[in-house]
There are 2 protein chains.
Amino acid sequence: MHNNITTILKAIADPTRREIFHALVISATALPITQISDQFEISRQGITKHLKTLENAGLIRINTNGRERYCYADTHPLKEVNQWLKTYEEFWDDTLDNLNTYLDKS
Amino acid sequence: MHNNITTILKAIADPTRREIFHALVISATALPITQISDQFEISRQGITKHLKTLENAGLIRINTNGRERYCYADTHPLKEVNQWLKTYEEFWDDTLDNLNTYLDKS
DNA sequence: CAAATAGGCAACCAAAAAGTTGCTTATTAA
DNA sequence: TTAATAAGCAACTTTTTGGTTGCCTATTTG
């Protein structure tokens, strides 16, 4: 589990992984892999790879129970993304002003 | 300029691109491409490719002036990322609780 | 116990991404 | 007006990514 910002961003940059993550977040219970892959068109192995990427980013945890592996979301790593975003938050409302200032000057 | 969430996330998922973006945000003035690429080890062409990716995500704008092309950051697309994040904000503080609930049950 | 189920592992494939080099063109400066 | 500078374009290479298939193992269940 790296948990660095690049790993997290790369994990959520893929739409399928965001879908998987979302499904796990809104699901009240943890879900075994097959039950997750049933919701998607791609193969179980494809889903497993995505799950591994998400797990590596710390966005999901997997708990083995017998022959089943239950997955559940962990939203904590998103805090790191939020922190990164916050650095630029102050610019959100005035970037365009700066832009105009620049255009006026040129 | 797509400006959809996947395009934006993929753009910021690369550490070099985040560095370029950061350099442009904190720079008071717009910077021509050569001046940007001077700050990095990779070739100017490599930088140009990254700039194109950032521009495509709407994170930078490029203004041609004579033989120079001035780049400046636009943080607005980050709002979209922030909105995506917000969906999960409510879970940030209690994901671990849910996790524990699950573990207790099993 | 036999059959079904859940999932892992590994090899493979195609497309995309990250980067390079070489060459060309336009603009500016000496 | 020649030389230098800024940058684009295109071709190419390597690595990563997203996905597949086939087969094997472990755990359940009838």
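The values are calculated or read from the model by the stated rules, or taken from the named source; none is laboratory data. Remember, predicted model here, so these are calculated numbers, not experimental data. So basically every Cβ, Gly included, is an ideal-geometry build from the backbone, and we count neighbours across all protein chains shown. All accessible areas refer to the heavy atoms of the entire protein, side chains included, with ligands and DNA or RNA removed. Shrake-Rupley method; radii C 1.70, N 1.55, O 1.52, S 1.80 Å.
Table for the structure above
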quantity: Selected residue [out of contact with any Cys (no Cβ under 9 Å at 6 or more places or on another chain), part of a helix (DSSP H, G or I) and at pLDDT below 95] from B:53, B:34, B:101; calculated: B:101
quantity: Candidate set: the range A:34-45, residues that are under 18 Å from residue A:65 (Cα atoms) and open to solvent by 30 Å² or more (accessible area, probe 1.4 Å); chosen: the one farthest from DNA strand C (Cβ to nearest atom); calculated: A:35
quantity: Meets criteria (more than 16 Å from DNA strand C (Cβ to nearest atom), hydroxyl-bearing (Ser, Thr, Tyr) and not in a helix (DSSP H, G or I)) for residue A:87; calculated: no
quantity: Residue match in the range A:86-97 (condition: away from chain B (no Cβ under 11 Å), modelled with pLDDT under 95 and loosely packed, with under 14 Cβ neighbours inside 10 Å); calculated: yes
quantity: Residues of the range A:30-53 classified as within 12 Å of DNA strand D (Cβ to nearest atom) and within 13 Å of another protein chain (Cβ to nearest Cβ), total; calculated: 2
quantity: Matching residues in the range B:46-59 - criterion: being more than 8 Å from DNA strand C (Cβ to nearest atom) and in contact with a Phe, Trp or Tyr (Cβ under 7 Å, 6 or more places away or on another chain); calculated: B:54, B:59
quantity: Search result, residues across the range A:46-55 that are farther than 20 Å from residue A:5 by Cα and surrounded by 17 or more Cβ atoms within 10 Å (Cβ to Cβ); calculated: A:47
quantity: Residue under evaluation residue A:61, criteria (1) within 13 Å of chain B (Cβ to nearest Cβ); (2) charged (D, E, K, R); (3) assigned to a loop (DSSP other than H, G, I, E, B), criterion not met; calculated: (3)
quantity: Residues satisfying the stated conditions in the range A:11-31, i.e. more than 8 Å from the chain's Cα centre (by Cα) and in a helix (DSSP H, G or I); calculated: A:15, A:16, A:19, A:20, A:22, A:23, A:24, A:25, A:26
quantity: Residues within the range B:8-33 that are more than 9 Å from DNA strand C (Cβ to nearest atom) and open to solvent by less than 70 Å² (accessible area, probe 1.4 Å), tallied; calculated: 15
quantity: Filter result (among the polar types (S, T, N, Q) and within 11 Å of chain A (Cβ to nearest Cβ)) within the range B:1-29; calculated: B:4, B:6, B:7, B:16, B:27, B:29
quantity: Leading residue by the ranking (surrounded by the fewest Cβ atoms within 10 Å (Cβ to Cβ)) among those in the range A:56-84 that are within 16 Å of DNA strand D (Cβ to nearest atom) and of a type in the set (Lys, Arg); calculated: A:67
